[in-house]
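Everything below concerns the one structure shown next.
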Amino acid sequence: MARTGVSFGFPNKNKKKYYDYHGNIRDCNIEPELPPYDDFPTLPLTPTWELIHNDYINITNQYNYVFPYNEFYPDIYGKYCPDEFIDFKRRLYFVEVEVNSYSPGDLWAFHYSQGMNCCFYTIQSTCTWFHLTRFELVWAGSLNLLSFVFVDAVAQVKLWRSSNGQEPASTPLPIFTDHN
C-alpha cells in the first residue's frame, strides 16, 4: 500500500536508506516519509469575556476587593504606566458593581483600578443606590481592584476577564453609570 500526499514535491520518488549488513553498508529503496497532516486554525482565536467572580459583599466602613494579577491573562501589548506587572503586559477587566446603601444621605466613595491613567478613579455620592459597568485595564500600582469607603451597604460585584488577554469585540453588558 502506497502512502499518498506530497513530500518535498516528489510523492512517488523512492528514498534510499543505508544500513549495516554484516559489516557492509547497503542501500535500500523505501517509500518517502510524509509529514503528518495537522489542522491548524487559520483565524486567530476570538477573545470573549469570562465571568470569574460573582460576589455579594457586606460593606461596613471600608472594603478592598483584592485580586491576584495572575487571574488575568496578559495582553499582547505592554503597559504605559511606570508601575508594571512582572511580565510588563497589561491586563483587561470588565466589572459590574451594584451598591445598595443602608444609610441614605451619607457620603461614600467608590474607587476602581484605572490602568489607562495609572491610578484609581474615584466616584463619590450620597445616593442610596449605585450601578456601574465598566471596561478597564488593571493598574499594577495596587493590589486592590475595587475599593468601597465610608459606606454601610451591600454590593454585588461581577468581574470578567478576557479569555486570551486581547480585547473582545463587545462588552458582556452595556457600559453605563446610574444612581439615584
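Each reported figure results from applying straightforward, stated rules to the coordinates on display, with no laboratory input. Everything numeric here is computed off the predicted structure, so don't read it as measured data. Note: ideal-geometry Cβ built from the backbone for every residue, glycine included; neighbour counts use all protein chains shown.
Remarks
- Translational D in µm²/s for segment 49-179 (Stokes-Einstein at 20 °C, 1.002 mPa s, Kirkwood Rh from C-alpha pairs): 142
- Applying a DSSP loop filter and a limit of 16 other Cβ atoms within 10 Å to the GluC sites (Glu not before Pro) in segment 76-180 leaves 84.
- Length released on extending from residue 169 to residue 56, taking residue separation times 0.36 nm less the Cα-Cα span: 37.9 nm
- A simple charge model with +1 on the Cβ of Lys and Arg, -1 on the Cβ of Asp and Glu and nothing else charged puts the dipole of segment 80-180 at about 240 debye relative to its Cα centre.
- Debye log10 I(q)/I(0) at q = 0.21, 0.26, 0.27 Å⁻¹ for segment 59-132, Cα point scatterers: -0.99, -1.30, -1.37
- Under the Karplus curve 6.51 cos²θ - 1.76 cosθ + 1.60, θ = phi - 60°, whole-Hz ³J(HN,Hα) for segment 109-122, x wherever Gly or Pro sits: 9, 10, 10, 9, 5, 10, x, 5, 10, 6, 6, 9, 9, 10
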